[in-house]
Each structure stands twice: as structure tokens, then as C-alpha cells.
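The next block holds one structure in the form of C-alpha cells; read it before the comments.
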Amino acid sequence: MTTGGPLIDNLGRVHNSLRISVTDRCNIRCFYCMPEENVRFRPRHELLSFEEITRLARVMAGLGVNKLRLTGGEPLVRAELPKLVSQLAAVPGIDEIALTTNGILLAEQARALKDAGLTRVNISLDAMTEETFRRISRRDGLDRVLAGIAAAKEVGFPRIRLNTVAIKGITEPEIPALAKFAKHEGMELRFIEFMPLDAEENWQHDQVLTGEEIRRSIETAIGPLEPASRPDPSQPAMDFNYQDGSGSVGFINPVSQPFCHDCNRLRVTAEGQLRNCLFSTVEWDARTLLRKNVGDEELAQLIRDCVRAKKPGHGIDSADFIRPQRAMYQIGG
């Protein structure tokens, strides 16, 4: 099925990656993402069904999208997620289905997800000590995250990436242990700068621990790093290899080094709102069209409208930056 040419915005950026939030619910309460208590989640009937998600993916595949990533909230709290993975894996043109998870439920679901067609998994790991994990997530669970990482490795996912949100005053002591763990396990490690998407709106610029600061810390603790090749210019991370060939580490620096000029990503929230940027203040309502059962061309036109309206950048580093009304868990990580 084709519904027109590729998704190219007014700056010539081609969009082939879709991040699909399947729920706004989560089983921990990381302060960079969610409120600690009294969270009001979307009722189930407002969320896109698996069939609606699959139809949207099919239309997008006809427009050149070939990479999907399931996010949340925590996607593994959505019942029967492997069923959705298998439906998406059957969509012609989809080459990759990835998952971003906090890992707490991964040990029990890793095998079913891989068997369903999941190709890649990203696991959040913000600390290697229970004390710091609890300080960030405001819940216990580091042991379950580590068990989830081990299970992902055991079932044979070929690429397992560990993601750490870096927060000044909290993350610095954890950096060497995180880097050594990833090296030992043969996994990619990426540090992500703290962004203004926390639900309690406490983000301050001086809390940003930059990728450059983290790189210097790793080199001091472990050894020299050298820039890695960049085969995909749209990837958000700047990757480095250890000079001794023992692994790699990447840095996603949306605050200190924005990478908007190469962005290839679109998003859909759990309740079916299309977004052309994590920091967009505008959304396009795909759910209404899906539930009206409109034709593919009408749905494709909505997607093209969303892409054409994409701004040059998110503007975090500019004086006129407008923070989106939604927090990270409501958008999809």
C-alpha cells in the first residue's frame, strides 16, 4: 500500500521513524518524567487499540516509515503487548520494532516479546546503587531492572542498549559503575541530558549534566574514548569507542548540542495524537480519524500535515522556548 511520497518536511528532513506510546501508566515514578503521587491516567477507552495502532503504522509504512519504537509510560504494563508486536511485525515495510522499557517487567516478558518479532530493546538504567535508583524513581526495583537486562541478554536480543538520564548532583558518582557494567555485559550505553519534560516542572538548566562532562568523567575513570563512525546521521547520539576496543558509549545532548537538523522522528501518544517533535505544543488528532474509519488517504494527509508543520528545532536553548503542557510520560519517551 502506498499513499504518496516520503514524509519530507519544509527543511528537507525525511521521516522514517515512529515512536508509539502504548500507555501513559508506569510502575515507578521517576522525577524527570512523572509526578510522585495522585497521577491521573487516561481511561482505557481513550487509548488506541492494537488494531488502531497497527492501521496507523500500516499507513505510515506506505509513506516510508520503516522503524517503530514502543514507548510509554512503561509499555510493559499494557496487557498482551507481544500481541501488538506480532501485528506490527506483519506490516509490510517495517524493518525494525524496538522497545523502550524501565526493565522492571522485562524478565517475565522478554521471551514472548522476542518470539513476537521485537528486534531491539532499550532499557533505562539510571543508577547502579539502590539508594540512587530510589532517589530518582521514588520506588524500589533496581534488582528487577538488572534481572530484566539479564533476561534480554539470555533470550538473545542482538542489540541491547542501556539509557541513563544524567542529572547534575545525582548521576556523577554512578557514571564509572554504569560504564563498567555496560562494558562487561557487552551492551551499548547512552547518557541522555535531563530535559524540561518533568511533570512537576522543577527542571532547571543548572541540573543538566552535559555529555561532555560525562565523557571526561569516563575517560578519567576507565580510559580514553575516540569518536565512532556515524553511519546514520539521524541518530540522536554522538557515539565514542574505548580506544582498547572494549565497547562504546554514546551521548544524547538535546540541551547542550541540539541535533534537530537531522531529526527523522514522529510520535503518537497513547490516545492517538500525532506529534512532530518531543517538544511540540501542537498535536494532530489521528484517533478521531481512525474511529471514523476514514480512508487511508485522509489519514495520510493528516500525517503529511503534521510533518510539514515541523519547526526547525525544539528551542530549549532559546529565550522564547515554550515548554509543552504534557510531561514525558504523557507524550511517550
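The values are calculated or read from the model by the stated rules, or taken from the named source; none is laboratory data. These numbers come from a predicted model, not from an experiment. When we count neighbours, we look across all protein chains shown, and the Cβ atoms used for this are built from the backbone with ideal geometry, even at glycine.
Details
- Selection over segment 15-41 of residues that are over 23 Å from GLN204 (Cβ atoms) and either loosely packed, with under 15 Cβ neighbours inside 10 Å or of a type in the set (Phe, Trp, Tyr) (or both) gives a count of 3.
- Selected residue [touching a Cys at 6+ places or on another chain (Cβ under 6 Å) and among the small types (Gly, Ala, Ser)] from GLY4, GLY73: GLY73
- Any hit, segment 191-211, residues being at pLDDT 90 or above, farther than 30 Å from GLY12 by Cβ and surrounded by fewer than 21 Cβ atoms within 10 Å (Cβ to Cβ): no
- For segment 64-77, filtering for residues that are farther than 18 Å from ARG120 by Cβ and surrounded by fewer than 21 Cβ atoms within 10 Å (Cβ to Cβ) leaves 2.
- Single unsatisfied condition, GLU298 versus (1) without any contact (Cβ under 8 Å) to a residue 24 or more places away in the chain; (2) closer than 30 Å to PRO176 by Cβ; (3) in contact with a Leu (Cβ under 7 Å, 6 or more places away or on another chain): (2)
- Total residues in segment 242-291 satisfying the condition of being farther than 21 Å from ARG13 by Cβ and assigned to a helix (DSSP H, G or I): the figure is 5.
- Restricting attention to segment 82-96, the residues being assigned to a helix (DSSP H, G or I) and either in contact with a strand residue (DSSP E or B) (Cβ under 7 Å, 6 or more places away or on another chain) or of a type outside the set (A, V, I, L, M) (or both) number 7.
- Any hit, segment 237-244, residues being over 17 Å from the mean Cα position of the chain (by Cα), farther than 20 Å from ALA327 by Cα and at pLDDT below 85: no
- Residues within segment 166-218 that are aromatic (Phe, Trp, Tyr) and more than 18 Å from the chain's Cα centre (by Cα), tallied: 2
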